[in-house]
1. When residues of segment 93-110 are filtered for being outside any helix (DSSP H, G or I) and either of a type in the set (Ser, Thr, Tyr) or touching a Ser or Thr at 6+ places or on another chain (Cβ under 7 Å) (or both), how many remain?
2. Which numbered condition in (1) closer than 18 Å to Met97 by Cα; (2) in a helix (DSSP H, G or I) is the only one that Asn201 fails?
3. Do we have any residue at all in segment 83-90 that's hydroxyl-bearing (Ser, Thr, Tyr), modelled with pLDDT of 95 or more and buried (at least 18 other Cβ atoms within 10 Å of the Cβ)?
4. Of the residues that sit in segment 119-138 and are over 16 Å from Leu84 (Cα atoms), in contact (Cβ under 8 Å) with a residue 40 or more places away in the chain and not charged (D, E, K, R), which one is nearest to the ligand (Cβ to nearest atom)?
5. Name the residue, out of Asp162, Asp149, that is touching a residue at least 60 places away in the same chain (Cβ under 8 Å), in the same structural domain as Gly87 (by TED's automatic domain parsing) and within 25 Å of Tyr92 (Cα to Cα).
6. Surrounded by fewer than 16 Cβ atoms within 10 Å (Cβ to Cβ) and either β-branched (Val, Ile, Thr) or assigned to a strand (DSSP E or B) (or both), is that true of Thr133?
7. Answer with yes or no whether Tyr116 is farther than 30 Å from Asp211 by Cβ and within 9 Å of the ligand (Cβ to nearest atom).
8. Hey, any hits in segment 176-191 for a residue that's at negative phi and assigned to a helix (DSSP H, G or I)?
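The values are calculated or read from the model by the stated rules, or taken from the named source; none is laboratory data. From a predicted model like this one, the values you see are computed outputs, not experimental measurements. Note: ideal-geometry Cβ built from the backbone for every residue, glycine included; neighbour counts use all protein chains shown.
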Amino acid sequence: MKFIVLLICNPYYSYVLITLFCVYSFDCYLVTNYKRFAIFIDLGGKMIEKIEEYARLNNIPIMQKDAMEFLCNFINNNNINTILEIGSAIGYSSIKMALVNKDIKITTIEKDIDRYNIAINNVELFNLTNQITLLNEDALTTNLDDKFDLIFIDASKSHNIDFFNKYKNNLNEKGYIITDNLSFHNLVENPSLIKTKNQRNLVNKIKKYIDFLDKNEEFDTKYIPLGDKISISVRKCLDE
Ligand SMILES: C[S@@+](CC[C@H](N)C(=O)[O-])C[C@H]1O[C@@H](n2cnc3c(N)ncnc32)[C@H](O)[C@@H]1O
């Protein structure tokens, strides 16, 4: 009792008490609002690194850093506002793209339920649920009416042509279709490095896709040798 009276009467102890109370309350606030604050506490960068590390440890193929940076700059420089991504995995690339600009809206499709659930969590952690819509569906059968400025194909390599043909109808007139993994870890350029039948099948499918893009009468395509090599396709200008 004496101790409490001393604490209340002595201004010095009162300051200490008030400070301790404030620190305690702030900590509680941070803990209960950790999702909102986490991005500010470790500045987002650490959380992105955690997702990259999780992907590496669990063999989840996410976009390579240099290609990711190129894609984010491309989105920024070309005033892209609406994006359809085929293949979300754990949400890494959609989070990176959404962070380019708060007006960007992304719809991303992932057929694997476990990856989809992790992506949902990651998107919530970054407070990006108002920018990113995740669909747990097979993109080969999804039907969307919306039009997008950019369609990013990063799913099953053997279905690139199907995705391209299906989703070009959802592309705005002056939109872009970007596809990742056209080098397939250099195996497309160096077939002598192919070790398995599965790899050979995938390499053949990717070559077929490149051929499809090169001969496409509706779209022009250029290739960017970054990451695992990406392609950028735009509708041909018909009045030229
Ligand atoms: C290369 S990962 C995507 C990586 C992600 N874009 C990133 O960089 O963070 C490919 C993902 O596409 C998913 N996928 C493959 N075929 C699909 C399909 N038909 N529909 C939806 N998702 C598919 C796979 O489950 C896998 O998680």
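1. Let us first name the residues in segment 93-110 that are outside any helix (DSSP H, G or I), namely 99-110.
Subset that is either of a type in the set (Ser, Thr, Tyr) or touching a Ser or Thr at 6+ places or on another chain (Cβ under 7 Å) (or both): 105-110.
Summing the residues that are outside any helix (DSSP H, G or I) and either of a type in the set (Ser, Thr, Tyr) or touching a Ser or Thr at 6+ places or on another chain (Cβ under 7 Å) (or both) in segment 93-110 gives 6.
2. (1)
3. In the first step, residues of segment 83-90 are kept if they are hydroxyl-bearing (Ser, Thr, Tyr); the result is 88.
After this cut, where a residue has to be modelled with pLDDT of 95 or more as well, the list is 88.
Filter once more, keeping what is buried (at least 18 other Cβ atoms within 10 Å of the Cβ): 88.
Checking segment 83-90: at least one residue is hydroxyl-bearing (Ser, Thr, Tyr), modelled with pLDDT of 95 or more and buried (at least 18 other Cβ atoms within 10 Å of the Cβ).
4. Within segment 119-138, the match that is nearest to the ligand (Cβ to nearest atom) is Asn122.
5. Details: Asp162 fails: touching a residue at least 60 places away in the same chain (Cβ under 8 Å).
None of the other options fit; the residue is Asp149.
6. Details: surrounded by fewer than 16 Cβ atoms within 10 Å (Cβ to Cβ): yes; either β-branched (Val, Ile, Thr) or assigned to a strand (DSSP E or B) (or both): yes.
When the stated conditions are applied, Thr133 passes them.
7. Details: farther than 30 Å from Asp211 by Cβ: yes; within 9 Å of the ligand (Cβ to nearest atom): yes.
Answer is yes for this residue.
8. We begin by selecting, within segment 176-191, every residue at negative phi; these are 176-180, 182-183, 187-191.
Still in the running and assigned to a helix (DSSP H, G or I): 191.
Yes, that holds for at least one residue.
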